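**Q** Dumping the structure here so I can ask a few things about it.
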Amino acid sequence: MNSKPLEKDPSCRDDFDPKSLAPSLALEQILSSVCPLRDTEKIAIREALNRVLAEDVSSRINVPLGTNSAMDGYAVNADDIPETGTAELPVVGTAWAGRPLQQSLEKGSCARIMTGAILPAGADTVIIQEDVQREGDLIRIDNSTRRGDNVRQAGEDIRAGDIVLDKGRLLNPADIGLLASLGIGEVRVSRRLRVAFFSTGDELRSIGEPLDEGCIYDSNRYTLYTMLKRLNADIVDMGVVRDRPELIEEAFLSAAASADVIITSGGVSVGEADYVREILARVGSVEFWKVAMKPGRPLSFGRVKDAVFFGLPGNPVSVMVTFYQFVQPALRAMMGDRHVEPVTIRATCVSKLKKRPGRIEYQRGILERDAAGAMVVRKTGAQGSGILSSMSQANCFIILGMDNAGVEPGETVEVQPFFGIV
Ligand code: AMP
Ligand code: MG
């Protein structure tokens, strides 16, 4: 008999292992070893959605450019507003949006004014039309309006010279509109990240091919492709690479020649892992981690030549979880995005959740409002790492911490929503 314990490779099946790496440390290591791309390009703002600004953008103009009316009404000088009772003011003309009144207001007079119209010289206040009584060429007003009411001051939104968007900002539709409002048609952004990926596995079939016995359709390439598309990456889909060392080596080398990042799924845990490791040791420097998480336990990270390499597990849910928790923040950081922290919120869990201490679990949940309007979350059903429908039904991860030993209905849990409106 031999008393030496077996040396085991990381596996999806493993549970607690004191040698495994906390997910926060894995992310820290990953983020500290990737650098933002240096190359930038100037592009039209319509093309800049989900791109990252490579320089601060400042305004060359005041917004609004001129002091103007926030309402339809009458432009007056507040000195002419009576302290008590009412006063009559003649209407000397009309100021339209885009067509200013060409004269200044004499004391004791007023002008009809439309929303967005420049305030005539001599006026400092707009009385809304509902608050005046019009009598022919006169208006009768009372003291219900204060000086400066219903007026937008020049530069009250943005002053010329102000920085409006910081370097490192991921541009959203509001930002694009803001740039347009400043008359800025082009912005300098980091160039797109080039990401190559392939699946490994003899059992994988592509859509359109017959499913022989024991085979499955390759879904990871589709989730990876679309997750990368959302990040606006320049995607190189290298297809399925069969479990043969020379093919895998060739795939790594050709990916490293053109891409900033290489992502693989499957084949890096047990079984066929050995020669993947051998190849990676030869062409790069890659670490194989057991991460204290479920799903997504085995993960490898490092470099192949100059490219950053992520070896994700094969199981479809594990691929998505590890992508969102590690790959996406790293890619965002490489894109120059300085705001990579995921948003989490707290919600009341209405399901009973099973969980073992010693690892972080990313269970799939549905976050919604209950009848009283409070945020509640329930699980999507079976939580196996191969059950992709659990991801499809979910709209959030329920993140259960290292020490958590299960959740009873009514307990508060941390939730990472999948959605955001801008
Ligand atoms: P592996 O890490 O290669 O042992 O794969 C773990 C599990 O994930 C196995 O059941 C594989 O069949 C499955 N798997 C691996 N790659 C893919 C893929 N591209 N699409 C769907 N399932 C996959
Ligand atoms: Mg495999």
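**Q** Confirm whether residue 329 is under 30 Å from residue 407 (Cα atoms), surrounded by fewer than 24 Cβ atoms within 10 Å (Cβ to Cβ) and under 28 Å from the mean Cα position of the chain (by Cα).
**A** When the stated conditions are applied, residue 329 passes them.
**Q** Then there is this: Within segment 193-210, take every residue that is away from ligand 1 (no atom under 13 Å from the Cβ) and buried (at least 19 other Cβ atoms within 10 Å of the Cβ) and give me the one that is farthest from the chain's Cα centre (by Cα).
**A** Residue satisfying both the conditions and the ranking: 196.
**Q** Surrounded by 16 or more Cβ atoms within 10 Å (Cβ to Cβ), outside any strand (DSSP E or B) and of a type in the set (D, E, K, R) - does that describe any residue in segment 70-83?
**A** yes
**Q** Would you tally the residues in segment 320-334 being in contact with a Ser or Thr (Cβ under 8 Å, 6 or more places away or on another chain) and either within 12 Å of ligand 2 (Cβ to nearest atom) or hydroxyl-bearing (Ser, Thr, Tyr) (or both)?
**A** Summing the residues that are in contact with a Ser or Thr (Cβ under 8 Å, 6 or more places away or on another chain) and either within 12 Å of ligand 2 (Cβ to nearest atom) or hydroxyl-bearing (Ser, Thr, Tyr) (or both) in segment 320-334 gives 0.
**Q** Determine whether segment 287-299 contains at least one residue that is over 17 Å from residue 20 (Cα atoms) and either in contact with an Asp or Glu (Cβ under 8 Å, 6 or more places away or on another chain) or among the polar types (S, T, N, Q) (or both).
**A** no
**Q** Having 3 or more residues that are in contact with a strand residue (DSSP E or B) (Cβ under 7 Å, 6 or more places away or on another chain) is the bar; report the strands (runs of 3 or more DSSP E) wholly within segment 99-195 that clear it.
**A** Here the list reads 110-113, 125-128, 138-141, 163-165, 186-190.
**Q** Among the residues of segment 211-238, which ones are without any contact (Cβ under 8 Å) to a residue 60 or more places away in the chain, over 20 Å from residue 257 (Cα atoms) and away from ligand 1 (no atom under 13 Å from the Cβ)?
**A** 212, 213, 226, 229, listed by residue number.
**Q** Right, next: Go through segment 211-229 and report how many residues are over 21 Å from the mean Cα position of the chain (by Cα) and not aliphatic (A, V, I, L, M).
**A** 9
**Q** Return the residues of segment 240-271 that are under 24 Å from residue 329 (Cα atoms), in a strand (DSSP E or B) and either among the polar types (S, T, N, Q) or within 16 Å of ligand 1 (Cβ to nearest atom) (or both); say none if nothing qualifies.
**A** 262, 263, 264, 265
**Q** Additional query: When you go through 119, 170 one by one, which is the residue that is touching a residue at least 24 places away in the same chain (Cβ under 8 Å), closer than 30 Å to residue 334 by Cβ and not charged (D, E, K, R)?
**A** That would be 170, the only listed residue that is touching a residue at least 24 places away in the same chain (Cβ under 8 Å), closer than 30 Å to residue 334 by Cβ and not charged (D, E, K, R).
**Q** Looking only at residues in segment 27-77 that are within 21 Å of the chain's Cα centre (by Cα) and of a type in the set (Ser, Thr, Tyr), which one is nearest to residue 128 (Cα to Cα)?
**A** This residue is 40.
**Q** Output the residues belonging to segment 274-294 that are out of contact with any strand residue (DSSP E or B) (no Cβ under 7 Å at 6 or more places or on another chain) and crowded, with 24+ Cβ neighbours inside 10 Å.
**A** Passing the criteria: only 276.
**Q** Out of the residues in segment 272-281 that are within 16 Å of ligand 1 (Cβ to nearest atom) and touching a helix residue (DSSP H, G or I) at 6+ places or on another chain (Cβ under 8 Å), state the one that is modelled with the lowest pLDDT.
**A** Per the criteria, the residue is 275.
**Q** Regarding segment 335-345, can at least one residue be identified that is within 16 Å of ligand 2 (Cβ to nearest atom), modelled with pLDDT of 90 or more and not in a helix (DSSP H, G or I)?
**A** no
**Q** Output the number of the condition that residue 361 fails; it satisfies all remaining conditions of (1) buried (at least 20 other Cβ atoms within 10 Å of the Cβ); (2) touching a helix residue (DSSP H, G or I) at 6+ places or on another chain (Cβ under 6 Å).
**A** (2)
**Q** Another question about this same structure. For residue 303, indicate whether it is within 26 Å of residue 336 (Cβ to Cβ) and either of a type in the set (Ser, Thr, Tyr) or more than 16 Å from ligand 2 (Cβ to nearest atom) (or both).
**A** yes
The values are calculated or read from the model by the stated rules, or taken from the named source; none is laboratory data. Because the structure is a prediction, the values reported are computed rather than measured. Note that we place each Cβ from the backbone using ideal geometry, even for glycine, and neighbour counts take in every protein chain shown.
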